[in-house]
């Protein structure tokens, strides 16, 4: 059921065309006051089509700009047996998250024993698979908690982009929304201890990837989204650990768009997404691996590091305020933060959804603890925030919803019936959950 006051997607196009015709007519014949009144009225109508603008599209890991923030008042905190719009089976298994553009959802999955990986396009309204493309590969060593389909694709208005990895080859590929191959690039070998997982992003018409193998020279790279040709390549010599943190966009001094990377060897790195030029770099911050992505809160960048042995470290960095400035560490937390799940920021607070089932809420400006409570279970997927509620899926396959406030409160628990290492997605007020071998839709 559609939320009250919302406008169907097909109606959006009609409103835009109507707006263009009315504006042209008023410019030709109406007084200026009439033009402004008509423009404001139709702009208000268009605003109701898609609150938050681009938030209607879930274009990458953790949504627009990787913030994990979404709007979806029709999404329940607890989902009963009859509360699903649909549930569909995926071929094989995987840990990647879905991405959405208009009525098309894209997700990857792998049949590991057959050496086949798939990119699927699914109709968000019905759950019907519209097309599938398949990549074949030789089996390779991975961590027991990883999969052969852990990297989340990204999508823009023209194409969907994937990163496929083996020890012998890192492949980037782009497909049209109809499944036709646009281009494919072999970026060289990618020997890793645990397999691949970091996801690509699109920024300033550039597909940005991190190709940083274990104990070997690597690079950060920007590819032209239309052709796959290299726009820039930033060397990363002699890395100690493969980083799994997905890059994020950041607006620097003077409103300049930057792309940020987190790694053990280089700390936080800021590059120009159009040229690859280095803006600034913290240098080494972490003694262990970076897996969770960066979060931004109250002008600070929050980065995490950890290990399977239990080491945890979160660092809040103040970026330079000018081109000549230097980044500075504002606070650190060495206990109780997350390793694999990405932290999330909301209204002056940062939430660390711990791998061992303990959630920590701190003040963004100081790192001071507001509360720390146990939700139970083990966690690999990252939380997202939907209208002041944190949604996350446990490794066992339970959706847990917690209030994002200064008071800890569990709002709902839903059994999904299958393990999950993925992060939820939201588009146009609908929640999409990926378990190892299924995709589920709820809301609206």
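What follows is calculated from the coordinates using simple rules that are stated; it is not laboratory data. Computed from a predicted model, the values in this text were never measured in an experiment. Reconstructed Cβ throughout: ideal geometry from the backbone, glycine too, with neighbour counts over all protein chains shown.
Taking every C-alpha pair closer than 8 Å and separated by at least 6 residues, the mean separation divided by the residue count of the chain gives a relative contact order of 14 percent.
As a proxy for reagent exposure, 240, 263 were ordered by neighbouring Cβ count within 10 angstrom, fewest first; the result is 240, 263.
Suppose a student asked you for the relative contact order of the stretch 319-444, using Cα pairs under 8 Å spaced at least 6 residues apart; what percent would you report? Present the calculation step by step, with values, prior to reporting the outcome.
Values: 283 pairs, mean separation 18.2, N = 126.
Computed over the stretch 319-444, the figure is 14 percent.
Just to confirm the number: angle between the C-alpha axis of helix 9-29 and the first principal axis of the chain, 0 to 90 degrees, nearest 10? Computed tilt is about 50 degrees.
Cα centroids of the stretch 154-168 and the stretch 251-270: 22 Å apart. Relative to the dominant Cα principal axis of the chain, helix 32-49 is inclined by about 50°. Highest mean packing comes first when the peptides 394-405, 74-85, 344-355 are listed by Cβ atoms within 10 Å, giving 344-355, 394-405, 74-85.
Per residue, the Cα convex hull of the chain amounts to 152 Å³.
Cβ crowding within 10 Å ranks 369, 269 as 369, 269, fewest other Cβ atoms first.
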